[in-house]
Structure formats: C-alpha cells, structure tokens
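Each remark here refers to the structure printed beneath this line.
The values are calculated or read from the model by the stated rules, or taken from the named source; none is laboratory data. Since the structure is predicted, the reported quantities are computational estimates derived from the model, not experimental observations. For neighbour counting, all protein chains shown are included, and Cβ atoms are generated from backbone atoms with ideal geometry for every residue, glycine included. Side chains are part of the model used for accessible areas, which takes the heavy atoms of the whole protein and leaves out ligands, DNA and RNA. Shrake-Rupley method; radii C 1.70, N 1.55, O 1.52, S 1.80 Å.
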Amino acid sequence: MNTIKELKKSFLIALWFMFLTFPIMVIKVNTVEQTIDWRWNRLAMVGIFSFFASWIWRYLLQRKEMGQKRAEESETPTLTFQQRVLQNPKFTRPALVVICIFAAIFPFYFSMYQVNIMTTALIYVILGLGLNIVVGLAGLLDLGYVAFYAVGAYSYALLNVHFGMGFWACLPIGAGLAMLFGIVLGFPVLRLRGDYLAIVTLGFGEIIRLILENWNEFSFGPSGIANIPRPGFFGIKMSIHQSLIYIYFIMVAMVIFTIFVVRRLQDSRIGRAWIALREDEVACQATGIDKTKTKLSAFALGATWAGMGGVVFAAKTTFINPASFTIWESIMILCIVVLGGMGSIVGVIFGAGILILLPEYLRAFSEYRMLMFAAALVLMMVFRPHGIISAVRRTYQFEGSPEKKASS
Amino acid sequence: MDYFLELFLGGLTRGSIYALIALGYTMVYGIIELINFAHGEIYMIGAFTALIVISVLTMLGWNQLAILAIATLAAIVWSSAYGFTAEKVAYKPLRGAPRLSPLISAIGVSLFLQNYVLLAQTSDFLPFPNLIPDFKFLEPYEGIVRSTEIVIYVVTAAVLVILTVLIKFTKLGKAMRATAQDRDMAMLVGVNVDRVISFTFIVGSATAALGGVLIASHIGQINFYIGFIAGIKAFVAAVLGGIGSMPGAVLGSLVLGWTESFFTGYISSDYEDVFAFLFLVLILIFRPSGILGRANTDKV
Amino acid sequence: MESVLDIKQLTMDFGGLRALDHIDLDVKAGEIAALIGPNGAGKTTFFNCVTGIYKPTEGDMFICPPGKKRERINGLKPNQVTEKGMARTFQNIRLFQNMTVLENVMMGRHCRMRAGIPGAILRNRATREEEQRVVEESYAILKKIGLAEFVNEFAKNLPYGAQRRLEIARAMATEPFLLLLDEPAAGMNNQETKELDELILRIRSEEKISILLIEHDMKLVMSLSDRIFVMDYGRKIAQGTPEEIKNNPAVIKAYLGEDIDA
Ligand SMILES: Nc1ncnc2c1ncn2[C@@H]1O[C@H](COP(=O)(O)OP(=O)(O)OP(=O)(O)O)[C@@H](O)[C@H]1O
Ligand SMILES: [Mg+2]
C-alpha cells in the first residue's frame, strides 16, 4: 500500500472536517452574558478522529468491494461464520434452552426496574418484528408505523375510559382496529413508488398524532389519558410488582407467538411473494402476483402487530399521550429493523436489544444515543446493508432433493 | 379585504420560503432520484452558522449590513460544505444499491445532523436578530408587509432566475440535464457524473442556506429541529409542483403557502400541519406527477 | 387454426414518440412465431403492452386459450394477464436475485396456489400438501430446463445463460398456453444457443405451449420460427415464413439501412 498517499489523503480529510465542523463545534455564543466560548480542544478532537476514521472508512470500503468480487466469482453461496453458527442446531438448541430459562427466571432475580426495561425491550421486539414484515420482507419503507401503535394504545385507553373494557378484551380489538387502519390507509398509498410511500406514510403518522393532539373531545388532547388499568388475571388483585411481572410474562408469550407466526409466514406462499415484491416489482407482477393485495397484506399484518404492541404499552405505562407517538418512535423501530438485519428474526431481536437496552445500561452515553444510532444507520447502509445478522433463505427438502438431510 | 391581503402576503412569504428549500429537493431528486431527507437539516445548519457568525461579529461591534452579508455568505459556504460531505459519505457509496438503502441512509444523516447540532450547541430556541433594515418606502404599508418579507420575495425570484439560467445556458447545466435524463448515457458521452452530482448538492444546499437565513430573520428564533417540518413541507411543495421541475417547485411552494395561510386564517389554525400532510397524501394519490410534472411510464 | 393471441391495431405513444404504430399480430395455437426488428423498433414495448405493463394508447388485444372462450385483455393488470395464461421473460433479466433458484420457480406457481394468511400461520394439511406439491413440481420444471444442479443456489450466483433459462422456467411454472420470450439468446455462446433452440422446440412439443419470441440471432429465428413478424420504427413492415422474410426487400432495407438502397 502506498502509505504516504494514504496519510496525505487522511490528513486532507481531517483538515476538511475541521473546517466543516468549525463554527458549530468550536464557537459557542452565550447571548445572555455576551461572551464567546472558543472550544478549540474540540477542533483537535475532530481532526484526530476524522484522520483515523477516514482511514478505516477507506479500508472497509475496499474490503467490501473485494468481498463483492469474491462472491461473484465463487460458485457456491458462501455462508458467513455467523450464519453457519445460527443454522447449526448443535449451537442453536442449547442457546435456545438457555434463553428460555433465563427469560423464565429473570423477573425473580432482578429488580422491578430491570423487569420494566426488559418489558419495554420486548414490546420493541414485537414492534420490530411487525415492521420487519413491512420493511424487511415486503420492502415497503413505512415511516408512519407508530400510527398503528398509537391506534392500539388509544383503542385500549378509550375503550377502557368509556366502556370500562379490560385488557384482554381490548387486545384483539386494538390489533383488529390497527389492521383496519392499515388496510384503509394502505389501500390508496400502496400504489405509490417506494420513496413516495415513505413520505406519505410519514405524513399519515403525523396526521394521526396531530389529530390525537388537537381533538380534545375525542382523545383528551396533549394531556393524554391516565390511570389505564394493568392487565387483569381472572379478577385477582395484584400488587404493582406482581402485575409488572405479569406483564413481562405476557410480553414473553407475545414475543414467542410473534416469532412463531412470522417464521411461518416467511416460509409460506405469502412470505415468498413479499420477498419477491421487494426484489423486483415488475417481475413479480409479470409472474402473476397481485401487487396491491400482497403489499396490503404485509402492511395490514405489520399494523396488527403494532396495534397489539400499543395495547400492551398502554397497559404497562398506565398513561398515554400523543408525545409517545412521534415520528422518532417510527424511526427508532426502523433502526431496530435495519440495524438488526432486515428480514431476519434473530437480527430484529438483536437490534431491539441493542437499541433499547444498551442506552439504559450505558447511561454515560445516553446523551449520544441518537447520534450514534443515526451514524449507525448510515454506516450500516454503506457497509452492511443486510444488518448485523443477515437473513438466510431456506432450502427445501423434497423427493430427489440433491442435499436431502435428516433434519428439516 | 385587509385581512385577505394580509393572508395573501403571509402565504406568499411562506411559499417563497418553502420554495428556497424545495428547489434543492427537486434538483437532487431530478439528478439521482433520492428524497434527500437531510435537506431540511442543511437549511437548519445554514441558519445556525449564520447566527453564530452574527453573534461573534456583533460582539466585535461591526456594521449591521456587513454582518448580514458575511453571515449569509458563511451560511452558504458551510451549508454547501455539509451538503457536499453528506453526499460523499452517505449517498455516493450507495449508488446502485437497492432504492431503500440511500433513503434510509438519508434518514440517518438527517437524524445525525439534528443531534450533532443539539449536542454541539443547544436544544433551546435561540433568538435570531433581524438585521434586514426597515425600508423607507414601506412605511405607508406598515402592519401589512415587512421589509424582511420583501427581501424574501426578491431573493426567491432572483434565485429562481439564476438557477434557470444556470441550468438552461451553462455547460454544467447541460451536464446536469443530461445526467438527470439518463445517467449511464451521460457518463458514456463524457459527462463527469460525480462532479455533476456534487455540484447539484452544493447548489441545492446553498439555496437552502439562503432560505435558512431569511426564515430565521423572519421568524426570529431557531433551534436544531426547525429543519424537519420545514423540510417535509418543502418536500410536499416540490411534489405538488412536480418533482424534478424547478418552476414546479416554486409554483407548488406558493400554492402550499397560500392554501396554508388561508386555511389557518379562515378555518382553523389547530390543524395547520395536518392540512399540509393531507395535501401531500391527496396529491400523491391523485396526481403523483404534480402540477407541472409529466406523467411518465417507467421504462421496463 | 385458432389464434391464441390476436392483436389488432396496437398503438403506443410515449409523449411525442410513437413506439408502436397500429400493429396487427397473431400467434396460432402450437406455433413458434418471432418478432424481429432493429434496436428501438418497439418489440419490447409490444410485449409490455400485451402483458399489461404499459397501457396502450389504442388497439385491441384478444386471447383465446385452447379450449376456452376468446376474450379481450385490454386493461388487465400484468398479474391478471399471467393468470389467464400468458407468461413472459425479460430482455434485461429480472429474476428475484436474493431468492434461491427453486424459489424463483415456485414464485411462478404462486398464482396457481391458494394458501392464504391463515393457512400460512396454521399450516394445516391442505397448505402443507400444496406447498410440498409445488416444491416437487417446481423441481420437475427445473430438471426439464436443465437447471436441477442449481436448485438451492441464489439466482444472482448463476451463470448468465442459466439465468436466462431460469426466467423461462419461472414463466413455465405459471402454466401458460403462450410464452413470450424477449431475446432469450442474448449473451449466450454458440453451445448455449443451440441448447436453447432445442429447449424451445421441446417446450412446444412436450408442453403444448405456443411461443412468441423476440430475437436478434437470425440463425436461431430462422431455424425455429413458423412465422416471422418484422418491425421497424414502431411499424410492422413485413410478416411471413422465414423464406419469405429472408427475401423481402423492405426487411433487408430496414436491417441494412437506407444508404445501401438497392
Ligand atoms: N417507458 C418508456 N418511456 C419512453 N420511451 C420509451 C419507453 N419504453 C420504450 N421507449 C422507447 O420506445 C422505443 C422502442 O423501444 P423498445 O424497447 O420497445 O425497442 P426494442 O425493439 O425492444 O429494441 P431492442 O432490440 O434494443 O430491445 C425506443 O425509442 C424507446 O426509447
Ligand atoms: Mg427490447
């Protein structure tokens, strides 16, 4: 490698970034005291950081290009180490057992605070898995996903306020209403091209939030709805602690249920159609797949899961207001899907873990969390578009199959 | 009648401001078919840079007009630099990737720039001084139109004219049009596509920076979040006019500005933003090619 | 002989450009017909109109599947056209790159399957059986087309010639009565072209599928086709048997250009 040239390149890039960030990073004006704070040390930091970062950047780009070439040349699809591990039952079975045991005993060994965080993470897991159907499988960029989450949450809250309905009755209703919304909103917009769809769904998401904020008679406006009851268990009275554990287990059950459903959908006629749609819309239609129907089914199913998540969210926090359903929530869920791995169930769970739990435990960095997620979005797209854990297509077993194996 | 005039001029101001941002959207979309989500943030950065320069120079006791000129220039320079860098870092490596990838990357850039400004500066609203002097000849119309607004109209019109000339008559403009029509073909006939794309980002960002300074002067305060809603609305305007078309972007912006202004003035101000979004949804559903855009059949 | 495809006065305008100008064309049952013409003549546009991807400006399109009633297909969506029994391939290969070869073919079966979302989740007996049947049928198609060795490869990892054949396999999986092939031999070497020639003949004789193909390889066209249609600048300039076309002065002129005017 031509080190001198690389050095010079990195040096110039560092200079460029120092120039770029100069006004905003260095100068801080205190308008009240009429003083200027010159933060020169930051300039040095930017310089040093971008010097090394640009080096790594170029190295990674090069590696990616080489990887692509290698993939093109080789005949057999090369499974990465991580994919091999995840597909190997010798590893996955014990891992699953450990995870199950951990999930079962977790609330009894950790504090209420921890249980609460874990429940939140689990809610995001099902939101992520739901959005994964829409974005990861069907390739529809939905930036208004949170709207359906809001529909679920408000369904429970309002039905409870007005009719005194309980959690278990509202869970299917909330999911159903969200699905209905998904169909009603999806029908007109799903004809649109991908990028327009993103903006329109974003628009819908904001419309729903703004309506919730402004239509006081209906939604109680910005002040929201408080005292939403936690889920009941055959009318038995529970302490807060007990009901938090109860919600935790409800969420665990829902996550298992979701994984079960998503896995089956993925490997079905409909799931294949979603993926085909993501791959090539025109070819898909020419192959006899009804584009609108297929998209709508993905959209509606995604919405259903958001609705379920919403109901649980309302029950868990016992208080909701429109501020919980901003566009950033949608983007957060999108981050989970994209970072974890579009189309991959394990990836999404992993993504939810990183995005929800990490900031909780690394409080020191919590200030920088959005900044880092944002950077991660870009880096992921550039270097690892399939996410941390990439989806593996299933192979089928059949009579005369060339690699027929005992397990399926 | 006075109220009508007030709303009309208010709408014109809004529209002109949207136009300055929408032009960048439309140019970038025309060239690389990317909805540059981060465009609103470029505009916000322009406003912040200007504010920082203004504050420093004011403390040094400079002349107001000189400050204004330098601040505007600084906003343009840095916004362009950010736009240029964002393209190089986050979009260029993704050419040829699936359509979703650059879009998600753009969302990342948008989020990054917001949080970057939030952390490096502040989350508070900062007052933005209005340095545009009061014009003498406007005195009889006091209460109806402010000098800032006149400047906004004039600048928007001038920008539109300059950009049109640039694209119609210069060599670079020709290269831009060629790239917009068919990138591979342009590359074959020797257009430096990378340079054209960079240039488009720079021009779009510079325009947004102008918008940033003017809007901040008009409204009187800024924070790290102003780019988001403004960006979305400008995007609505660009789509309304027919994305890819520059006169369309301005027309769309004016239409959006006026409808918003009259809607909030005569009907209700609670649902102002709902209205803009509803507008967007309706256009995209019923006339996705916009007012001035042509309905194209995608080539298969 | 009954025409399985009957196109009358088909016209397509793109803005000011008339890509198709009142084209009449028909394909008879069991026939291999070819559509030829210089680059930009409008051949692919013709396919796109017939398969519902473009909306033609003017003209009528009819199909008559063997044993069924004649019907007009104007305004049908592409997937409906495919369901009716017309399948196509694309000039610029459009496979589902990140799906396996087998899955690509299974996609073709999609419109002949019934399982819905409840079936997918519950995985009841009918769904399981249907799925298994489709897997096996798809594999059978792959064997027939000669792609069996690649079943579990990603489509994107196939060699070029195999990708073209996979497109044919996917189209065949939709159980068509008419196959529209857009430059199936493009980019193939001599050996591959010869195999393709045999494959197309076999598809016709064994599967009773009629074929309309666009092709630039004249040797292939002449050896395969029963009838040939020639287009230039959006107009049909000739039609007839290979012999007739070979000796048609208008065709020679279109191919050799005006300047060599005899
Ligand atoms: N969607 C579209 N929009 C505008 N013009 C189009 C579109 N599709 C095709 N055309 C134009 O129509 C004409 C015919 O194109 P077409 O692709 O049908 O040619 P072809 O006969 O298939 O040529 P080739 O042999 O190169 O494939 C060309 O001039 C092309 O540019
Ligand atoms: Mg063609």
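Which residues make up the longest stretch of chain C that has no trypsin sites (Lys or Arg not before Pro) in a DSSP loop with at most 16 other Cβ atoms within 10 Å?
C:124-207
The lysine pair count for chain A, using Cα distances under 21 Å and pairs eight or more places apart or on different chains, is 5.
How big a patch of accessible area, both sides summed and in Å² to the nearest 100, lies buried between B and A at a 1.4 Å probe?
Summing both chains' loss of accessible area gives about 5400 Å².
Between A:GLU33 and A:LYS8, residue separation times 0.36 nm minus the direct Cα-Cα distance comes to 4.8 nm.
The B-C contact accounts for roughly 400 square angstrom of buried accessible surface, both chains included, probe 1.4 angstrom.
Which GluC sites (Glu not before Pro) in region A:328-399 pass both tests, a DSSP loop state and at most 15 other beta-carbon atoms within 10 Å? Loop-located and lightly packed - A:GLU399.
What the phi angles of region B:122-136 give under the Karplus curve with 6.51, -1.76 and 1.60, with θ = phi - 60°, is a coupling list of 7, 9, 6, 6, 10, x, 10, x, 8, 9, 6, x, 6, 7, 4 Hz, glycine and proline written as x. Which links in C:LYS194/C:LYS246; C:LYS55/C:LYS219; C:LYS8/C:LYS208 stretch past 28 Å when you go from one Cα to the other? Long pairs (Cα-Cα over 28 Å): C:LYS55/C:LYS219. For region B:92-162, the set of chymotrypsin sites (Phe, Trp or Tyr not before Pro) satisfying both a DSSP loop assignment and a count of at most 15 other C-beta atoms within 10 Å is given as B:PHE125, B:PHE135. Out of the DSSP beta bridges found with both residues in the protein assembly as shown, what percent are antiparallel (nearest 5)? Within the protein assembly as shown, antiparallel bridges account for around 65 percent of the total.
Taking θ as phi - 60° and the Karplus parameters 6.51, -1.76 and 1.60, the scalar couplings of region A:343-352 work out to x, 10, 5, 4, x, 5, 4, 4, x, 4 Hz in sequence order, x denoting glycine and proline. Under 5 Å between amide hydrogens, built in the peptide plane, is the criterion, and for C:ASP182 it picks out C:THR89, C:PHE90, C:ILE214 among residues at least 5 positions away or on other chains. Across peptide A:365-376, the average count of Cβ atoms from other chains found within 10 Å of a residue's Cβ is 4. Expressed as a whole percent, the accessible area of region C:96-175 that falls on carbon and sulfur atoms is 50 (1.4 Å probe).
Can you give the calculated 222 nm mean residue ellipticity of chain C, where each DSSP H run of n ≥ 4 adds -39,500 (n - 2.57) and the sum is split over every residue, rounded to the nearest 500 deg cm²/dmol?
Result for chain C, helices only: -11500 deg cm²/dmol.
When chain C is treated as a GNM, springs tying every alpha-carbon pair under 10 Å, which of C:GLY30, C:GLY146, C:GLY116 comes out with the largest mean-square fluctuation? Among C:GLY30, C:GLY146, C:GLY116, the largest GNM mean-square fluctuation belongs to C:GLY116.
The distance separating the Cα centre of region A:257-286 from that of region A:167-245 comes to 26 Å. Amide H contacts of C:ASP26: C:ILE7, each under 5 Å away and 5 or more positions distant or on a separate chain (H built 1.01 Å from N in the peptide plane; Pro and chain starts excluded). The mean number of partner chain beta-carbon atoms within 10 angstrom of a residue's beta-carbon across peptide B:81-91 is 3.
When the Cα positions of A:GLY288, A:ILE333, A:THR317 are compared along the charge dipole of region A:265-405, A:GLY288 comes out farthest toward the positive end, with charges on each C-beta of Lys, Arg, Asp and Glu.
Mean partner shielding of peptide B:273-283, defined as the number of other chain Cβ atoms within 10 Å of each residue Cβ, is 5. For chain A, with a Gaussian network of springs between Cα atoms less than 10 Å apart, report the residue from A:ALA314, A:ALA300, A:ALA198 with the top mean-square fluctuation. Sorting by GNM fluctuation, first place goes to A:ALA198.
Compute the helix-to-body angle for C:160-172: its Cα long axis versus the longest principal axis of chain C, expressed 0 to 90° and rounded to tens. The two axes meet at around 70 degrees. Here C:HIS110 sits with roughly 20 square angstrom of accessible surface, probe radius 1.4 Å. Here r is the Cβ-Cβ distance between C:ASN39 and C:GLN9 and R0 is 41 Å; the resulting FRET efficiency, rounded to 0.05, is 0.95.
As a length-normalised measure over Cα pairs under 8 Å and 6 or more apart, the relative contact order of chain B settles at 36 percent.
The distance separating the Cα centre of region A:113-145 from that of region C:151-192 comes to 38 Å. First check a/c for the protein assembly as shown, with a ≥ b ≥ c the square roots of the eigenvalues of its C-alpha gyration tensor; if it is under 1.5, answer rounded, and if not, answer prolate when a/b is larger than b/c or oblate otherwise. In terms of gyration-tensor shape, oblate.
Backbone geometry of region C:80-88 corresponds, through the Karplus equation with coefficients 6.51, -1.76 and 1.60 at θ = phi - 60°, to 3J(HN,Hα) couplings of 5, 4, 5, 4, 5, x, 10, 10, 9 Hz, x marking Gly and Pro. Within the straight-line cut-off of under 15 Å between alpha carbons, the aspartates and glutamates reachable from B:LYS233 are A:GLU206, B:GLU41, B:GLU260, B:GLU272, B:ASP273, sequence neighbours fewer than 8 places apart in one chain being disregarded. Distances between placed amide hydrogens fall under 5 Å for A:ILE389 paired with A:GLY341, all partners being 5 or more residues away or on another chain. The listed residues B:SER123, B:SER80, once ranked by accessible area (1.4 Å probe) with the largest placed first, stand as B:SER123, B:SER80.
Report note on the peptides A:215-223, A:315-323, A:29-37: ranked by the mean count of other C-beta atoms within 10 Å, highest first, their order is A:315-323, A:215-223, A:29-37. Carbon and sulfur atoms: what percent of the 1.4 Å accessible area of region A:169-269 do they account for? The nonpolar share, carbon plus sulfur, comes to 71 percent.
Please give the peptides B:193-206, B:26-39, A:96-109 ranked by average Cβ packing (other Cβ atoms within 10 Å per residue), highest first, as a rough proxy for protection.
Final packing ranking: B:26-39, B:193-206, A:96-109.
What are the residues of region C:132-149 that lose 50 Å² or more of accessible area, with a 1.4 Å probe, going from their chain alone to all protein chains? Checking the loss per residue gives C:TYR139. Count Lys and Arg as plus one, Asp and Glu as minus one, and take only other residues whose Cβ is under 10 Å from that of B:ALA276; the net charge is then -3. Accessible surface computed residue by residue for the protein assembly as shown, with neighbouring protein chains in place and a 1.4 Å probe, gives 44 Å² per residue.
Among B:LEU256, B:LEU188, B:LEU210, the largest mean-square fluctuation in a Gaussian network model of chain B, built with springs joining Cα atoms closer than 10 Å, belongs to B:LEU188.
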